[in-house]
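Following: one structure in structure tokens, then a few remarks.
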Amino acid sequence: MSNDPERSDDPVREDERGEPADEFAETQVLEGESRAGDDEDPLEAERRRADENWEKYLRAVAELENFRKRAARDLDNTRKYAIERFAGELLGVADSLEMGIAAGGAADAASLLEGKQATLKQLRKVLGDFGVEEIDPQGERFDPEYHEAMTVQPSAEAEPGSVLTVVQKGYRINGRLLRPARVIVAAEPQSGEA
């Protein structure tokens, strides 16, 4: 070991006063000087940055809360008014029915039938415009996905497992089942009926 103060085997460096030098503080001072020569305290600068980040965080939280409230309000309005356009189109069908009833006392059976057919055509058009399709499986193979069997009836004319009679038509909306068609399914005739 040497007694020379200029040279020491100890890795701790000393400043001009003979006290150990804080290398980290020197690095910060050098970085602070290279930042545009600010005389601002580094701690104060970091506090200012922390305050700015806190403000940004609060704004982001407020924006998120406003978005959540707006989305909930929009969803509620969508639920309330989803069928508004559909209902508006059905008003024409209702008007047609009212006119038919009003004219019913003075009309003959043929004109009443014609009026009902026109109203039904108008209703089917409205349903079709909104993606509602009719399921009329008369003579088709029974499909439990779209048909509900009311009963099975032996038949010599119809193929077994096919729809013999449609009791009530079914409906799909945009490909999704709305109501199954209620049907009577044909079965093989019993041996004595052939």
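Below are the figures for this structure:
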item: Hey, residue 158 surrounded by fewer than 17 Cβ atoms within 10 Å (Cβ to Cβ) and either at pLDDT below 95 or farther than 30 Å from residue 88 by Cα (or both) or not; result: no
item: Residue check, residue 163 surrounded by 13 or more Cβ atoms within 10 Å (Cβ to Cβ), of a type in the set (A, V, I, L, M) and assigned to a strand (DSSP E or B); result: yes
item: Answer residue from segment 129-150, given it is over 30 Å from residue 89 (Cβ atoms) and loosely packed, with under 12 Cβ neighbours inside 10 Å and is nearest to the chain's Cα centre (by Cα) among those; result: 144
item: Qualifying position, being farther than 30 Å from residue 130 by Cα and either modelled with pLDDT of 90 or more or assigned to a helix (DSSP H, G or I) (or both), among 33, 40, 16, 89; result: 33
item: Tally of residues being within 29 Å of residue 185 (Cα to Cα), in contact (Cβ under 8 Å) with a residue 12 or more places away in the chain and among the acidic types (Asp, Glu) across segment 113-150; result: 6
item: Selection count where residues are in contact with a strand residue (DSSP E or B) (Cβ under 6 Å, 6 or more places away or on another chain) and outside any strand (DSSP E or B), scope segment 140-160; result: 6
item: Residue that is farthest from residue 114 (Cα to Cα) [pool: residues in segment 70-97 that are β-branched (Val, Ile, Thr) and either in contact with a helix residue (DSSP H, G or I) (Cβ under 7 Å, 6 or more places away or on another chain) or surrounded by 10 or more Cβ atoms within 10 Å (Cβ to Cβ) (or both)]; result: 83
item: Residues (surrounded by 11 or more Cβ atoms within 10 Å (Cβ to Cβ) and either among the hydrophobic types (A, V, I, L, M, F, W, C) or modelled with pLDDT of 85 or more (or both)) located in segment 102-113; result: 103, 107, 111, 112, 113
item: Residue check, residue 116 surrounded by 13 or more Cβ atoms within 10 Å (Cβ to Cβ) and within 18 Å of residue 89 (Cα to Cα); result: yes
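The values are calculated or read from the model by the stated rules, or taken from the named source; none is laboratory data. Keep in mind it's a predicted model, so treat the numbers as computed, not measured. Positions of Cβ are generated from backbone atoms using ideal geometry, with glycine treated the same way; all protein chains shown enter the neighbour counts.
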